[in-house]
Amino acid sequence: MYERRLGEKYEGSIGVHGSGLAKLIRADIKAAKAAGDLPADLDVSVRYESFSMGQAIRVSIGYRPDFWRECDGVSRWSEPDAEGNQVGTHCHDPKHGWDAGYRHEVLSDEGMRVRSLVETLHGAYNFDGSESQVDYFDVRYYGQVSLVDRESFEWAARNKIEDAAVKAILETMRPANWDALSAGKRSAWSQQNRGRAVRALRAQVAA
């Protein structure tokens, strides 16, 4: 076993298990908002999940325009030169690619600051005795901090609008005996006819 690196709040949380750890992280994020270290209206989701080989706590930070900037082809993870100028490397974004001329956004300085802070809060109750070179993993919980980008935000918004429209179409398609159906049969009918409603919606849009 390799030496474990302990989060700063690990020892004080011994005996806390499962979703209780996620609850502690939520409380720390709330405290950071109250202290002004995070925006008071920041949308943060902390989700706990368990599986056969362990558990995970995943933190998602909602989209905010000030957390992103248009990529200028330079990586901000590089160190500044002796005169304080940013010395970056060429952007090799795997999703879009600067070389392809596709304009895309990367985290702004504020976005990186918020992610770094929340990552610290996320890891405070963890331990890590992993050694990646030999594929050995030993953590209290897995998970990561992610920030929703503009593309994902707009995609979710479009899906929400489409779901509402499909639901409205389904309501017009309900059988005459709808009110007499049980909740289970209503759900089954909606699932079976959702495809028809989606096709109807697309036909309306194309018309």
The conditions are (1) modelled with pLDDT of 90 or more; (2) touching a His at 6+ places or on another chain (Cβ under 8 Å), and Val148 fails exactly one of them. Which is it?
(2)
Just the residues that are among the charged types (D, E, K, R) and either free of Cβ contacts under 8 Å to residues at least 24 places away in the same chain or part of a helix (DSSP H, G or I) (or both), please, taken from the range 103-120.
Asp109, Glu110, Arg113, Arg115, Glu119
Residue by residue through the range 1-25, note down the ones that are within 16 Å of Tyr142 (Cα to Cα) and assigned to a helix (DSSP H, G or I).
Ser19, Gly20, Leu21, Ala22, Lys23, Leu24, Ile25
Subset of the range 115-131 [farther than 30 Å from Ala40 by Cβ and exposed (fewer than 14 other Cβ atoms within 10 Å of the Cβ)]
Glu131
Taking the conditions exactly as written (among the aliphatic types (A, V, I, L, M), assigned to a loop (DSSP other than H, G, I, E, B) and either modelled with pLDDT under 90 or surrounded by 13 or more Cβ atoms within 10 Å (Cβ to Cβ) (or both)), does Ala82 satisfy them or not?
yes
How many residues are loosely packed, with under 11 Cβ neighbours inside 10 Å, among the small types (Gly, Ala, Ser) and over 21 Å from Ile57 (Cα atoms) if we restrict to the range 132-167?
1
Candidate set from the range 99-114 (those that are surrounded by fewer than 17 Cβ atoms within 10 Å (Cβ to Cβ) and either more than 18 Å from the chain's Cα centre (by Cα) or of a type in the set (Phe, Trp, Tyr) (or both)); member that is modelled with the highest pLDDT:
Asp109
Test Val87 against the criterion of being among the β-branched types (Val, Ile, Thr), touching a Lys or Arg at 6+ places or on another chain (Cβ under 8 Å) and either closer than 18 Å to Val114 by Cβ or at pLDDT below 90 (or both), and give yes or no.
no
Every residue from the range 121-175 that is in a loop (DSSP other than H, G, I, E, B), within 25 Å of Ser52 (Cα to Cα) and free of Cβ contacts under 8 Å to residues at least 24 places away in the same chain:
Asp135, Phe137
Criterion (touching a Phe, Trp or Tyr at 6+ places or on another chain (Cβ under 8 Å) and either at pLDDT 95 or above or surrounded by 15 or more Cβ atoms within 10 Å (Cβ to Cβ) (or both)) met by exactly one of Leu38, Leu24, Leu42:
Leu24
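The values are calculated or read from the model by the stated rules, or taken from the named source; none is laboratory data. The structure presented is a predicted model; accordingly, all values stated were derived computationally and were not measured. Cβ coordinates were reconstructed from backbone atoms using ideal geometry, including for glycine residues, and neighbour counts include every protein chain displayed.
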